[in-house]
Amino acid sequence: MRLQVLLQKKNNSCLKIDGDFLKLKEKRPGYTPRIFELSIFKNNYFEASENEIKQFTHLNLQDRIKKKLHISYPRIYKEKLYLFDELLFKNKPPIYLMGYFQSYKYFVGKEKLIENLFSFPVNKLNPKNLDLLIKIKSSNSVSIHIRRGDYVRDKITNEFHGVC
């Protein structure tokens, strides 16, 4: 999500999210159901409509011609590996991004922007979390998160991501 926000700002374009996978309620191989919770941050997220998604998956005649002529058309960029790909930044909208985009190299020089975009709004914390925040700020604190759950129990997820 952070990378998509950077590309949105770079290209002065609108970021829309394909939330279809978030609507799945049952566990599937390689997928753990979850809810969209990034709306807590001070960003504007819009969900793409079914028709907006189809413009990428089912090119119309005009866009197929544009593709043949190498003119801007709605295309899908699918991350090949978990490695940094500088060619990603050469893509112009409209583009549908598929992948994890976890390399820190995508964010070099943009740390402040990311920090501002994804800072928790203190005024939305419940009392328990507000107390925890006070404890964290009043001490030398470190946080470590190790995700295991589905990474350990689900064979496909485990084979794809591995376990720390």
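The values are calculated or read from the model by the stated rules, or taken from the named source; none is laboratory data. Being a predicted model, the structure only gives us computed values, none of them experimental. For neighbour counting, all protein chains shown are included, and Cβ atoms are generated from backbone atoms with ideal geometry for every residue, glycine included.
State whether the residues of the range 129-144 include one that is part of a loop (DSSP other than H, G, I, E, B), without any contact (Cβ under 8 Å) to a residue 24 or more places away in the chain and assigned by TED's automatic domain parsing to the domain that holds Phe41.
For the range 129-144, residues part of a loop (DSSP other than H, G, I, E, B), without any contact (Cβ under 8 Å) to a residue 24 or more places away in the chain and assigned by TED's automatic domain parsing to the domain that holds Phe41: absent.
Please find, within the range 103-128, the residue that is modelled with the highest pLDDT out of those that are over 18 Å from Lys9 (Cβ atoms) and surrounded by 13 or more Cβ atoms within 10 Å (Cβ to Cβ).
Step by step, filter the range 103-128, then rank; the result is Ser103.
Provide a single number: the residues in the range 36-70 that are in a loop (DSSP other than H, G, I, E, B) and either modelled with pLDDT of 90 or more or within 30 Å of Ser119 (Cα to Cα) (or both).
The total comes to 13.
Any chance the range 52-70 includes a residue that's touching a residue at least 40 places away in the same chain (Cβ under 8 Å) and either within 22 Å of Asp150 (Cβ to Cβ) or not hydrophobic (A, V, I, L, M, F, W, C) (or both)?
no
Determine if the range 140-157 includes at least one residue that is hydrophobic (A, V, I, L, M, F, W, C), surrounded by 11 or more Cβ atoms within 10 Å (Cβ to Cβ) and within 18 Å of the chain's Cα centre (by Cα).
no
Mind listing whichever residues of the range 48-93 are under 26 Å from the mean Cα position of the chain (by Cα), of a type in the set (S, T, N, Q) and surrounded by 12 or more Cβ atoms within 10 Å (Cβ to Cβ)?
Gln55, Ser72, Asn91
Suppose the filter is assigned to a helix (DSSP H, G or I) and either out of contact with any helix residue (DSSP H, G or I) (no Cβ under 8 Å at 6 or more places or on another chain) or aromatic (Phe, Trp, Tyr) (or both); does Asn116 pass it?
So Asn116 passes the test.
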